[in-house]
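K.L.:
Quick one: the structure is below, and I'll ask about it shortly.
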Amino acid sequence: MTSPSFAPRVFSGIKPSGGLTLGNYLGAIKRWVGMQGPDFETIYCVVDLHAITVWQDPAELAAATREVAAGMLASGIDPEHSILFNQAAVPEHVQLGWIFNCVARVGWMNRMTQFKDKAGDNAEAVSLGLYAYPALMAADILLYHATHVPVGEDQKQHVELTRDIAQKFNHDFGREFFPLTEPVTEGPGMRIMNLRDGTKKMSKSGESDMERINMLDDADTIAKKFKKAKTDPEGLPEDVAGLKARPEAKNLVDIYAALSDQSAEAVLAEFGGAGWGRFKPALADLAVDKLAPISSEMRRLMADPAEIDRLLARGAERARGIAAPILKETYEIVGLVS
Ligand code: TRP
């Protein structure tokens, strides 16, 4: 239960480990835009310190940080209303992250399925940062006493770990200092899958560019990628039950539904029985229609990186206004003289 003394505050983040994809937009940013309003204070972060848990080319990292920020702005994150910044500009994240490294137990980290998936058979050779990543994510969230974190299903376990860390800290030091943050996984945000393999998430760092739609792809590229997207020999079913065990078909219907703000049922009411030869061009047209205004605004913003940096710096200053007193109190609770 979240203690009622914590004001409703949303925190979420995207890693700049490559350009922005349709998966980031439909799976995260669109929902973040919708959470702006009177119900929550909203804090959105480009989590560059998380990106470097695996190797990032320095010039590409800086470019991706600005591209992700531009994508958020172009999609409707309002930098006047929300706090938008990059993680590295607020050093308190790392400071609280260290304290949480000392709260979290090795046994807890060993249960993190994302680490196991990412490290695979190579667990001895991955960075220590990749292993500690969830404790830094807990610091991102708890540094703001955030009560709600919109995330995809794949991040739910990390938010549960955040609650475990908060609970252990509160218990060990005998203070109800950190809230027990709720993951927000329902709502319009959805998991967009890889166009070549519907069982994998659409990722910005996967090998082939054909497996994802980038927010900056032009109309021809978008049409080509949907045309070549993997499907099965059957056409579109009459109802959602017919999408069962057909991950690629389900993904394309889900993308259409998310882009047009309809349910998958409504999409199938229109396209049920159609072949892919009819559906894919309609999907490409819809995607181009919806993405063109965002990508052109992104291009406009990215033409002036100094302006993006200025907006991020202002966001970081506002973020520190919240974070610094919470970190200071944390140090006092722990007994760190500063
Ligand atoms: N781990 C998240 C991801 O890979 C990104 C992230 C970092 C995040 N810190 C966060 C998400 C804090 C929500 C809240 O998608």
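The values are calculated or read from the model by the stated rules, or taken from the named source; none is laboratory data. A quick note: this is a predicted structure, and the numbers were derived from the prediction, not measured. Positions of Cβ are backbone-derived with ideal geometry, glycine not excepted, and every protein chain shown enters the neighbour counts. The protein model used for the area step is the full one, side chains on, heavy atoms only, and it has no ligands, DNA or RNA in it. Shrake-Rupley method; radii C 1.70, N 1.55, O 1.52, S 1.80 Å.
K.L.:
Tally the residues that are under 23 Å from the mean Cα position of the chain (by Cα) and open to solvent by 60 Å² or more (accessible area, probe 1.4 Å), restricting the search to the range 310-333.
P.N.:
Residues meeting the conditions: 5.
K.L.:
Let me ask you something else. Give the residues of the range 140-159 that are of a type outside the set (Asp, Glu), more than 8 Å from the ligand (Cβ to nearest atom), over 11 Å from Val10 (Cα atoms) and open to solvent by 10 Å² or more (accessible area, probe 1.4 Å), sorted by residue number.
P.N.:
If the condition is that a residue be of a type outside the set (Asp, Glu), more than 8 Å from the ligand (Cβ to nearest atom), over 11 Å from Val10 (Cα atoms) and open to solvent by 10 Å² or more (accessible area, probe 1.4 Å), then Lys156, Gln157 are the ones that fit.
K.L.:
Evaluate the following for Ala219: is it outside the structural domain of Gln56 (by TED's automatic domain parsing) and closer than 30 Å to Arg66 by Cα?
P.N.:
Yes.
K.L.:
Over 17 Å from Leu143 (Cβ atoms) and among the small types (Gly, Ala, Ser): which single residue out of Gly97, Gly71, Gly13 fits that description?
P.N.:
Values: Gly97 fails: over 17 Å from Leu143 (Cβ atoms); Gly13 fails: over 17 Å from Leu143 (Cβ atoms).
From the options Gly97, Gly71, Gly13, the qualifying one is Gly71.
K.L.:
Does Met137 fit the bill of being more than 10 Å from the ligand (Cβ to nearest atom), crowded, with 17+ Cβ neighbours inside 10 Å, modelled with pLDDT of 95 or more and closer than 30 Å to Lys328 by Cβ?
P.N.:
no
For (1) surrounded by fewer than 16 Cβ atoms within 10 Å (Cβ to Cβ); (2) of a type in the set (A, V, I, L, M); (3) more than 23 Å from Leu61 (Cβ to Cβ), each residue gets a yes or a no:
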| site | (1), (2), (3) |
| --- | --- |
| Glu270 | yes, no, yes |
| Gly275 | yes, no, yes |
| Arg278 | yes, no, yes |
| Leu283 | no, yes, yes |
| Ser295 | no, no, no |
| Leu301 | no, yes, no |
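K.L.:
Scan (1) assigned to a loop (DSSP other than H, G, I, E, B); (2) more than 15 Å from the ligand (Cβ to nearest atom) for the single condition Val54 breaks and write down its number.
P.N.:
Going through the list (1) assigned to a loop (DSSP other than H, G, I, E, B); (2) more than 15 Å from the ligand (Cβ to nearest atom), Val54 breaks only (2).
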